[in-house]
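J.: After the structure tokens below, expect a handful of questions from me.
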Amino acid sequence: MKVLMLYPKYPETFWGFQHVLKFVSKKAAFPPLGLLTVASLLPGEWEKRLVDLNTDPVRESDWEWADLVFISAMLIQKEGVEELLDAAKVRGKTVVAGGPAFLAQPENFPQVDHFVLDEAEITLPQFVQDIEQNRARHVYTSKERPDLKQVPLPMWSLIDVHKYATMPIQFSRGCPFDCEFCDIFLLNGRKPRTKTPEQMVQELQTLYDAGWRASVFIVDDNFIGNKRKVKEMLPAVIQWQKEHNYPFTLLTEASVNLAQDEELMNLMSCANFNKVFLGLETPCLESLKECGKTQNTKIDLSDAVRIIHQHGMQVMGGFIVGFDSDTESIFEAQIRFIQQIGVVTAMVGILGAIPQTRLWHRLRAEGRLLSETSGNNTDGSINFVPQMGISNLLSGYKRVVHTIYSPRMYYARINTFLKNYRPTAKGHYSLRDIKAALASTWRIGLFSRACIWYWPLMIKTAMTRIRALPAALELAIYGYHFQKIAKRCQKAIELPENDQGRWSGPSSDAC
């Protein structure tokens, strides 16, 4: 059996870093870890070929070669999915689909022959057995949660790792929290399951053997969902990093209670973590309670960010506007909050109702759903009737994005961040890094609106905080990307002539 594995193209997004990639001569931010893992789950005698359309086009010879076409995607890749499905059907190919884009509403993709949903360690072997006996079903699904000791190493040989900016690996699945808007419960459950320390070391070693020497993203739903297991694993990673002279810097996603665990932060710093994404969401206490983000109500968020920065990890933050508890004052509150805490990489999005989440079910019961979500919470699309009204939400959102990504405000945040940042990460600077630094002086320092802020930052950091200079350079390059995304967002958002109006349900003027 010959399997062509396809990963659709991403639209230009906040996390796509498309404009950053030009500085570092890479084609995409991350490879498709899901498909690389699925490839290892397929029978060894099956032939596999993977095409990531973010780095390479799919050729006619690829289509002709394939017996089966596997497609995996996120919600945000829906447009690319449709293009690939149409191309496969025109060529008479049998399509097998799985992943978050298909899980909640498979009925939206009638071109798919077989859906292999939920966790592939359970459902894929069933499909393989059936298709080899010519009795494959239309849908394979299971609520069973596999032990992650069953997860094989990704098949890195299917890609050229050097086309990417960062390599992904996974330690755990699941998150113990239950935020109303989040679909992690649907995908991976509430009880975090983890790999063993030996597995993690082996995964790092296979990346090292593949020639990788740069950033590694541990793509867990919540890396610290099971703190005990993380603390058992990190010493093995620390030892491996020491033995290999720290070839990788690490980043991940976590919850804000990380800032309350000194031991864990120290272990992460020793393991060479230099970034962590936190879902900070909002400074409005009522909105945090509304969405079930109770973990964010038990600590001062400003203190949490400052503490993590002091442990050598840059906080990247997610923020949301559009909760029912939000009033029109939330936009200025978000701007002040983001500037005050010095989260430079601040992704502010409009609340979206992802299919089958608790939020989606509540809004549907209230008759407030308008459409399917695009999966991109920074494109200005709204798929429900917000309490404050669509026009108010869109105009306020535009103001937030325009303000926080103006060069003056962005560089002010970099300076605030650097006041608390105590870099601890070890690493080696490559020719690529030097080229990126030189490119930044050309594109940003000479030919951008940010140049009057760029040079004072670089000179001051070089003279007073030389160890923080790589972070300052990187954030300046990120700003180049974010400012282009913000400008695109501004142009894309059109205020409706006929607003859906405010929701007439319960209201709050807490925020």
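J.: Pop a pseudo-label 7 angstrom from the Cα along the beta-carbon direction at both Gln239 and Ser395 and give the gap in nm to one decimal.
T.: Using points 7 Å along Cα→Cβ, the separation is 6.2 nm.
J.: DSSP beta bridges in the stretch 243-389, what fraction antiparallel, as a percent rounded to 5?
T.: Bridges in the stretch 243-389 are about 5 percent antiparallel.
J.: Measure off 7 Å from each Cα along the Cα-to-Cβ vector at Arg467 and Arg59, then give the distance between these two points in nanometres to one decimal.
T.: Simple spin-label model gives 4.9 nm for this pair.
J.: For the stretch 172-244 and the stretch 358-416, write down the distance between their C-alpha centroids in whole Å.
T.: The two parts, judged by their Cα centres, are 30 Å apart.
J.: Oh, and also: Under the √(5λ) rule applied to the eigenvalues of the Cα gyration tensor, what semi-axes describe the equivalent ellipsoid of the stretch 197-280? Give them in Å, descending. Intermediate values should be presented prior to the final figure.
T.: Numbers: eigenvalues 90, 35, 26 Å².
Square roots of five times the eigenvalues give 21, 13, 11 Å.
J.: Also, I was wondering about something else. R0 = 60 Å: FRET efficiency of Lys231 with Leu431, Cβ-based, nearest 0.05?
T.: Result of the calculation: an efficiency of 0.95.
J.: Continuing with the same structure: Sort Ser448, Ser329, Ser72 so the one with the fewest other Cβ atoms within 10 Å of its own Cβ comes first. Write down the numbers at each step before the final one.
T.: Working: Ser448 18, Ser329 13, Ser72 25.
Sorted ascending by nearby Cβ count, the order is Ser329, Ser448, Ser72.
J.: Give the order of Tyr246, Tyr397 when sorted by the count of other beta carbons within 10 angstrom, beginning with the fewest.
T.: Fewest-to-most ranking of Tyr246, Tyr397: Tyr246, Tyr397.
J.: What does the charge count near Val321 come to, summing +1 for each Lys or Arg and -1 for each Asp or Glu among other residues with Cβ under 12 Å from its Cβ?
T.: Local charge sum for Val321: -3.
J.: Rounded to two decimals, what ratio of Rg to Rh does the stretch 326-431 give with C-alpha atoms and a Kirkwood Rh?
T.: On the way: Rg = 17.7 Å, Rh = 16.0 Å.
Here Rg/Rh amounts to 1.10.
J.: For the chain, what does the relative contact order come out to in percent, with C-alpha contacts under 8 Å and a separation of six or more?
T.: 14 percent
J.: Another question, then. Wrap a convex hull around the Cα atoms of the stretch 85-170, take a quarter of its surface area, and give that in square nanometres.
T.: 7.6 nm²
J.: Still on this structure: Per residue of the stretch 171-176, what does 6.51 cos²θ - 1.76 cosθ + 1.60 with θ = phi - 60° give for ³J(HN,Hα)? Whole Hz please, x for Gly and Pro, Karplus curve as stated.
T.: With coefficients 6.51, -1.76 and 1.60, one gets 9, 9, 10, x, 9, x Hz.
J.: If you don't mind, another one. Once you sort the root eigenvalues of the Cα gyration tensor of the stretch 277-365 as a ≥ b ≥ c, which label holds: rounded (a/c under 1.5), prolate (a/b larger than b/c) or oblate (the other case)?
T.: It comes out prolate by the Cα gyration axes.
J.: What span do the alpha-carbon atoms of the chain cover on each of the three principal axes, reported in whole Å from largest to smallest?
T.: Cα spread of the chain along its principal axes, largest to smallest: 65, 61, 46 Å.
J.: Under the rule that a partner needs its Cβ under 4.7 Å from the first Cβ, which Cys of the chain have none?
T.: Flagged as lacking a Cys partner: Cys175, Cys270, Cys291, Cys451, Cys489.
J.: Under a 5 Å amide H to amide H cut-off, with H placed in plane at 1.01 Å, what residues pair with Gly312 once short-range neighbours are removed?
T.: The list, which skips near neighbours in sequence, is Arg422.
J.: Only bridges with both residues in the chain count here: give the DSSP antiparallel percent, nearest 5.
T.: 5 percent
J.: Further, regarding this structure: How much of the DSSP beta bridge set in the stretch 165-418 is antiparallel, as a percent to the nearest 5?
T.: 10 percent
J.: Within a 10 angstrom radius of the beta carbon, how do Leu251, Leu158, Leu6 rank from fewest other beta carbons to most?
T.: So the residues, fewest neighbours to most, are Leu158, Leu251, Leu6.
J.: For Lys298 and Lys484, calculate 0.36 nm times their separation in residues minus their Cα-Cα distance, and state this gained length in nm to one decimal.
T.: 63.4 nm
J.: Moving to a separate point now. Tally Lys and Arg at +1 and Asp and Glu at -1 over the other residues with C-beta under 14 Å from the C-beta of Ile414: what net charge comes out?
T.: Neighbourhood net charge equals +4.
J.: Further question on the same structure: Note the full-extension length gain between Ala492 and Thr441 as 0.36 nm times their separation in residues minus their Cα-Cα distance, in nm to one decimal.
T.: That works out to 15.4 nm of additional length.
J.: Would you report the distance distribution of C-alpha pairs in the stretch 102-142 as whole percents per 10 angstrom bin, up to the bin with the largest distance?
T.: 31, 54, 15
J.: Work out how much length Gln150 to Asn420 would gain on full extension: take 0.36 nm times their residue separation and subtract the Cα-Cα distance, in nm to one decimal. Mind showing how you got there, number by number?
T.: Details: separation 270, 0.36 × 270 = 97.20 nm, distance 4.14 nm.
Separation in residues times 0.36 nm, less the Cα-Cα distance, equals 93.1 nm.
J.: Convex hull over the alpha-carbon atoms of the stretch 165-418: what's its volume per residue in Å³?
T.: Here the figure is 126 Å³ per residue.
Values in this text are rule-based calculations from the coordinates and carry no lab data. Since this is a predicted model, take the numbers as computed values, not measurements. Glycine also receives a Cβ, built like all others from the backbone with ideal geometry; neighbour counts cover every protein chain displayed.
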